[in-house]
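Undergrad: This structure is in C-alpha cells; I'll ask about it shortly.
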Amino acid sequence: PVRLGLDVDHAMYPQDGFNFCQYACERSIPTIILDAKSDNRFINNPLVVFPPHVRMYVGAPLRWGNMYIGTLCIIDQKPWQSFTLQQGEELCKMATEVMHLYDAATNVSSPEV
C-alpha cells in the first residue's frame, strides 16, 4: 500500500545527521541507498536500527524556487538490488510535477531562482 510519511514519532530521533530526507535535499540529484545496513552514512541511523527498519531509500528533492522543502521518496524495509539511472530520472520528473501541482493547488508560484 502507498502511504504518506512514516509511522514514526520523529521526536524520538535526533535530526542532525540522521535524516534521510535532509541528506537527499543537500544534493541536486536523487539519493539512492539500496541497503542502509551496508551504507556507512546510515548504518547506525535509528530509522535503520529500530522500527520502521528502513533498508532501502531513494529520494528526489522537492524544490520550490531555490529552496529544498522535502523529498519525494521510496522507502522499503527490504534492500533492493538495483535502481537504474532511468528510474532516478523518472523520480526527479515526478518530484518536479509534485511541485507544479503544489503551485497550482495553493495558487502561489514558487519564488524566483
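Undergrad: Of the conditions (1) open to solvent by 80 Å² or more (accessible area, probe 1.4 Å); (2) at pLDDT 95 or above; (3) touching a Phe, Trp or Tyr at 6+ places or on another chain (Cβ under 8 Å); (4) not hydroxyl-bearing (Ser, Thr, Tyr), residue 56 clears all except one; give me its number.
TA: For residue 56, the exception is condition (1).
Undergrad: Out of the residues in the stretch 5-48 that are of a type in the set (Asp, Glu) and farther than 27 Å from residue 86 by Cα, state the one that is modelled with the lowest pLDDT.
TA: Residue satisfying both the conditions and the ranking: 16.
Undergrad: Show the residue pairs that are 6+ apart or on different chains and have beta-carbon atoms under 6 Å apart, the first residue being within the stretch 70-86 and in contact (Cβ under 8 Å) with a residue 24 or more places away in the chain, the second being of a type in the set (Gly, Ala, Ser) and not in a strand (DSSP E or B).
TA: Pairs found: 71/24; 72/95.
Undergrad: Now for a separate question. Could you figure out which of (1) assigned to a loop (DSSP other than H, G, I, E, B); (2) at pLDDT 85 or above isn't true of residue 2?
TA: Status for residue 2: all satisfied but (2).
Undergrad: Follow-up question, since we're still on this one. Scan 51, 79, 111, 61 and give me the residue that is over 14 Å from the mean Cα position of the chain (by Cα), open to solvent by less than 70 Å² (accessible area, probe 1.4 Å) and modelled with pLDDT under 95.
TA: 111
The values are calculated or read from the model by the stated rules, or taken from the named source; none is laboratory data. Every value quoted in this text rests on a predicted model; they were computed, and no experiment measured them. Here Cβ is always computed from backbone atoms with ideal geometry, including for glycine, and neighbour counts include all displayed protein chains. These accessible areas exclude ligands, DNA and RNA; they are computed on the full protein's heavy atoms, side chains included. Shrake-Rupley method; radii C 1.70, N 1.55, O 1.52, S 1.80 Å.
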